[in-house]
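A short worksheet on the structure shown next.
Any read-out appearing in this document is the output of simple, stated calculations on the displayed coordinates, not a laboratory observation. Remember, predicted model here, so these are calculated numbers, not experimental data. Counting neighbours? That spans all protein chains shown, and the Cβs are built from the backbone with ideal geometry, glycine included.
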Amino acid sequence: MSRNNFFNIDNLSLQHIDDDAELIPLMTPEDEEEINNESLPASLPILPLRNTVLFPGVVIPITAGRDKSIKLIKDASNSSKVIGVVSQKDESIEDPEVKDLNQVGTVARILRVLKMPDGNTTVIIQGKKRFEIDRILETEPYITATIKGLPEEKPDLDNEEFTTIIDSVKELALQIIKESPNIPSEASFAIKNIESNSFLVNFISSNLNLEVVDKQKLLENSRLMERALATLKYMNIELQKLALRNDIQSRVRSDMDQQQREYFLHQQMKTIQEELGGGSYEEEVEQMRLRAKAKKWDTKVKEHFEKELAKLQRMNPQVAEYSIQRNYLDLYLDLPWGEFSKDKFDLKRAQKILDRDHYGLEDVKKRIIEYLAVLKLRNDMKSPILCLYGPPGVGKTSLGKSVAEALGREYVRISLGGLRDEAEIRGHRKTYIGAMPGRIIQSLKKAGTSNPVFILDEIDKLSVSHSGDPSSAMLEVLDPEQNSEFYDNFLELGYDLSKVMFIATANNLGPIQPALRDRMEIINVTGYTIEEKVEIAKRHLLPKQLEEHGMTSSQLKIGKRELEKIVEGYTRESGVRGLEKQIAKMVRFAAKSIAMEQEYNVKVSVKDVEDVLGPARLERDKYENNDVAGVVTGLAWTSVGGDILFIESILSKGKGALTITGNLGKVMKESATIAMEYIKSNAKSIGIDPNIFDNYNVHIHVPEGATPKDGPSAGITMLTSLVSLFTQRKVKKSLAMTGEITLRGKVLPVGGIKEKILAAKRARIKEIILCEENKRDIEEIKEEYLKGLTFHYVKEMSEVIDLAITDSKVKNAKKL
């Protein structure tokens, strides 16, 4: 029924039901008297109505869709055809209980049950007498209750006030029918023919455009005069609205211009679309308004949304800006404003999850547990900005998932590698074609909470272009003091990111903008030792590859010795990505053998490893002997972790020229020059004849010429190589070194110590020479990493020479 109609036309027409010429007349005083004399049954089945109230004497159709209602109507139709009808307090409740129903209702008689073409059941009922629920007898298969009648207090027949009220009710009803274009004129005959005063009041009350709660109040009022007076009041309001509406329509009709005509046509088009199964844009707006009520917005955001929603209502749905505005408002409704997942503060459980998913990485785990501990104590802490920095394949990105699980938060990841448009971070202004929010806001929308664990992968690989500098846009995102009001160009309002736990990952800190680096807490995720790699392969990599290849642990077993062979002979990395590829080869070989029904060793041996993977390729990196003068082992840091390098030098007849090769950078060449000049100026104290420098050329070479090398770390290595060459004395076996040198003979500290130590262990080095100031770096490394290594800490170059050069001459030493 349209809310613009005063009378429910469907109810009105049902007073006459055409079926085999059978006529159901309007209620007469005699009918009313007969109903009043009828006795009420002791108990009745109770039929709940969603959005209407049944009054005594009124005939209405009810569409039954709920299983309980259909069962009730079927049972009642086969027996007394008398039921109790009550309205629901909340029409949205699908399966109402007793507490969801009003206590006062109307006894009704089932007149007819119709099976509709769409499969629903429609029942036509007529109200008899009012009642009140006394006691509930049953709730299944439907509600059954004992009832007690509610008598109606009627005024005397000669009561002039009541007579005047009834006359006014009839007069207003006829006037409303006349003024309303939506009510047929035949309705006036129905009003005139009603003889019963109480039925007249009930009939008009039933057809008033009132909310269910207001109609229920009318039904519950036992005094007929008060009910008639209240009905008259509602009719007066409706008549005023109708007069105002007609006046407005009259004025609008006379002033309609082209724009209004187009609007009217669009409204007709929407009506047609609704008939064809589509929804109108008014429904969309109403749905948005309902969704907005449930959002946890502050006043500023709420006012902005309502302003933008009003702008949408004023727009023509056919223009392009309408869809942009609608998407804009949808974003506001989809974002998790003020919605946070509850953190789990079980620190022991968090530690177990971190240990389960990642072997090693103690510093990172310690930092996460510390964060949880502080958050548990304060319960309100700005999330830190962590940056996991280290070589590829050590588990930086996957660590984020474990952190999210440990905290009980949602997990979000975006890759920043190659990102060169600032709008990817901050979003586009919504006035642009194809505008959309930045990836930060989009990811929060996807997460559904405002405090996820947010992984910013490859933050060191952000690019700069004519579209802006994304790393500068990240400054606001990654500043705990600013990101509580992160401004997205599309959103046009600040969004609180202070509860988000950002974890950035990087392979190299060099390319990161200094201001951006300053906002993050750098945690160095170094590489793994051979023992750790074997353990990781056993716990994680092998089970993962077996599962991905459709195999079980009983079909392939790789022992520690064989895993160690794979690590040492076929991988050269700080992480475990290459190791996983080699294990995948072993698993694929077994899978192929199973599929082709060929024999293979379930328990893999070292020979099986060589048969599948081929001869070991990296054995040469373990150690090269120092039997030749001028060959020294150095330690280096690379983007994929620590590594060893060999520095070779030779003498040839000449005039003292110095040649340096091996794809070296400027800093490394300078280190060679410094070492050479130091030796020349201190030749006598070292035990070298100064005349040598005028009679021989020196050539320094660092093998693997295809790999670029640079940095000051090879200073003491080059010095040792040259001293060994000029003195023709051996360098100690299983010895490696790293450190920067100065012209004054000082040894300076260098970085990447842990990576270099791991590289030394992989190469089976026994002794390492370091600067005295690097001792603190060694103290931070776990003792298990240092097992089997001896460290020598030096301050002067002379100490390096004394430690590295032996007294024994090399075989076939040159006479210089």
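So the values come out like this:
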quantity	calculated
Listed residue (546, 453, 497) projecting farthest to the positive dipole end of the chain, Cβ model	546
Table column - 3J(HN,Hα) (Hz), the range 733-738, Karplus curve with 6.51, -1.76, 1.60, x for Gly and Pro	6, 6, 10, 9, 8, 7
Pairwise centroid distance, computed over Cα atoms, of the range 162-179 with the range 490-508, Å	67 Å
For the range 335-341, Karplus couplings with θ = phi - 60° (6.51, -1.76, 1.60), whole Hz, Gly/Pro x	5, x, 4, x, 9, 10, 7
Residue order, fewest to most surrounding Cβ atoms within 10 angstrom, among 106, 146	146, 106
Note, ³J(HN,Hα) from phi for the range 105-119, Karplus 6.51, -1.76, 1.60, rounded to Hz, x at Gly and Pro	x, 10, 5, 10, 10, 7, 8, 7, 10, 10, 9, 7, x, 7, x
Distant-in-sequence amide H partners of residue 468 (H built 1.01 Å from N, under 5 Å)	422
Check: the range 670-813 dipole with +1 on Lys, Arg Cβ and -1 on Asp, Glu Cβ, in debye	580 debye
For residue 638, distant residues with modelled amide H under 5 Å away	643
Distance from the range 520-545 to the range 399-431 (C-alpha centre basis), Å	25 Å
Shape of the range 46-94, Cα gyration tensor, a/c cut at 1.5	oblate
Cα-centre dipole for the chain with unit charges at Cβ (Lys and Arg positive, Asp and Glu negative), debye to 20	5540 debye
Separation between Cα centres of the range 311-357 and the range 199-213, rounded to whole Å	45 Å
Protection proxy ranking, peptides 732-740, 554-562, 688-696, average beta carbon neighbours within 10 Å, highest first	732-740, 554-562, 688-696
Neighbour-count order for 307, 99, 754, fewest beta carbons within 10 angstrom listed first	99, 307, 754
